[in-house]
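Report on one structure; see the data block that follows.
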């Protein structure tokens, strides 16, 4: 009898736990499902039809969003910015991190701690100063200006991450490469970079998410529609007269889906960094 | 002769080494250090973005001290932060505790709880805006939330959630918590998994109840992680603003503005760059102060 009681207790406990976890999981997923669902509706039904699977399905919203809503252009811009920032970042940060880890030059420690400090100090409202700067440099409404600003956003964190990784690579490998005739640049390219692939993966994933999701600098620095990324485009579309909700939902889905897919594929890397507490977005 | 040649080689080597850091250093100097210094410099001036600078000393700072709307926006951010610290973190901790055991679908939960944090604030804000839509069409509620409230027998709860000054800020705070709890969840779960399970075993043998084990083992062991999560929650919640821009846009400004939106208004809306810079400096000092105090607390906790 006593054993039965314990089994019963354990069962209720695990059932309650699952109910709790499942209900939270449902609140996470349902709004996203609702967004995708509404992307397949028509302007007439979207306000009134509340069935889980809409009675009238409309597959044309994505095409309308892509062409007439300009989301195709915005999407392409987002891809350009993300690729530009991430490749620039990996190149610049890995060169610097390699120097901090392996090379000697005057002022090394001072410069390194400046980057560390930059990561610790929150700079709210830094967008004001950036707008002033970009105006001065005539980089307002240029792709290069926005990409440089966003490289700066991820720079300190990427250098720190790569430096700790480079520090763990045995020096014997450097010596072996040197005997084979590699210079400093050769060691960076042939030894350090290939071995740092896990750290680079983390940097790529994280900064892709940051750039893809960035809104405020894109708004302040890019006012020409041809240059706007997706997040900005969504707000422009939403702000324009009477919103076409199914098309807006299609646009939102386009902005959200790549991010969710990348996250699902790279989940292991993301969780690892989060757990280390080294990154805060 | 030899010494001088060696010195020349070393110097040249230093120079090449320095070239490795140069691109990072230039970007950092131009896009971080200079704007930072320039922001402090501009905060002592009256400037409209173009034209001449007028040095006015501490007048901008004096104005902030007496600016009721500024402190109002600070209070709004504080309110959102308070809800994030309590509701959001309690939820994250509860979920982490529930997942820290042999349980089925653990990986599914871990995967799902972190989906909202990877979405952008614009996507979450516009999605929330649509679900919270207050409108009516042919006697039907357009927004999903109002529809669900109405059809499940709570028509008296139907509300214009983002348009009603009494509920707007709380609604924003809850959406913010929805987007953010996954962060705390993951960090707390990893923290829980580092606790040696034998401690619980020993406590159980000694006759301690589950509650006692929680209070005397889990909480003290987790305090450092909890403090880190709290610091990140405070910094993240005080600075939330794109979410607010995308949820309420221009409406209800005096009920939902936060320091960051206020700085934006000072700069773009009123064209007062100097004042906006002074606000940014004050806000930065407050945030650094808060995180410094929290850091001190976590060092103190680690020592005992």
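Computed from the coordinates by the stated procedures, all read-outs in this text should not be read as laboratory data. Keep in mind that what you see is a predicted model, and the values were worked out from it rather than measured. Methodologically, a virtual Cβ is constructed for each residue, glycine included, from the backbone with ideal geometry; neighbour enumeration extends over all protein chains shown.
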Number of partner chain Cβ atoms within 10 Å, mean per residue of A:245-254: 2
Reciprocal of mean inverse Cα separation for the stretch A:69-276 (Kirkwood radius, Å): 19.0 Å
Kirkwood Rh and Cα Rg combined as Rg/Rh, the stretch B:1-153: 1.21
Label-point separation, residue A:261 to residue A:121 (7 Å along Cα→Cβ), nm: 4.1 nm
Peptide A:99-106, shielding by other chains (average Cβ, 10 Å cutoff): 5
Nearest 10 degrees, 0 to 90: helix A:126-136 Cα axis against chain A principal axis: 70 degrees
Relative contact order for the stretch B:158-295, counting Cα pairs under 8 Å that sit 6 or more residues apart, in percent: 25 percent
Whole-number Å³ per residue for the convex hull built on Cα positions in the stretch B:238-277: 67 Å³
Relative contact order (%) - criterion: Cα under 8 Å, at least six apart; region: the stretch A:147-241: 24 percent
Chain A: most fluctuating residue of A:102, A:232, A:178 per GNM, C-alpha cutoff 10 Å: A:178
Residue B:219-residue B:152 FRET efficiency (beta carbon distance; Förster radius 30 Å; 0.05 resolution): 0.20
GNM result for chain B, Cα springs below 10 Å: residue of B:153, B:274, B:182 fluctuating most strongly: B:153
For the stretch B:173-303: rounded, prolate or oblate by the Cα gyration tensor [a/c cutoff 1.5]: prolate
Global form of the stretch B:237-304, assessed from the alpha-carbon gyration tensor, a/c cut-off 1.5: oblate
Shielding by other protein chains, A:21-28, mean Cβ within 10 Å: 6
Gain upon complete extension [residue B:170, residue B:199; 0.36 nm per residue less C-alpha separation]: 6.4 nm
Theoretical ellipticity at 222 nm over chain B - DSSP helices of four or more residues, -39500 (n - 2.57) apiece, nearest 500: -21500 deg cm²/dmol
Zero-based 10 Å bins, Cα pair distances in chain B, whole percents: 5, 18, 23, 22, 17, 10, 4, 1, 0, 0
Separation of the residue B:10 and residue A:8 label points, Cα + 7 Å toward Cβ, nm: 8.3 nm
Net lengthening on full extension, residue B:108/residue B:53 (0.36 nm per residue, minus Cα-Cα): 14.1 nm
Sequence-separation-based contact order of chain B, relative, with Cα cut under 8 Å and 6+ spacing, percent: 29 percent
Spacing of the two label points (7 Å from each Cα toward its C-beta) at residue A:104 and residue A:185, in nm: 2.3 nm
The protein assembly as shown: C-alpha pair distances exceeding 38 Å, %: 38 percent
Rounded to 10°, Cα long-axis angle of helix A:2-38 versus longest principal axis of chain A: 90 degrees
Of B:50, B:174, B:80, the one that fluctuates the most in a GNM where chain B has Cα springs shorter than 10 Å: B:50
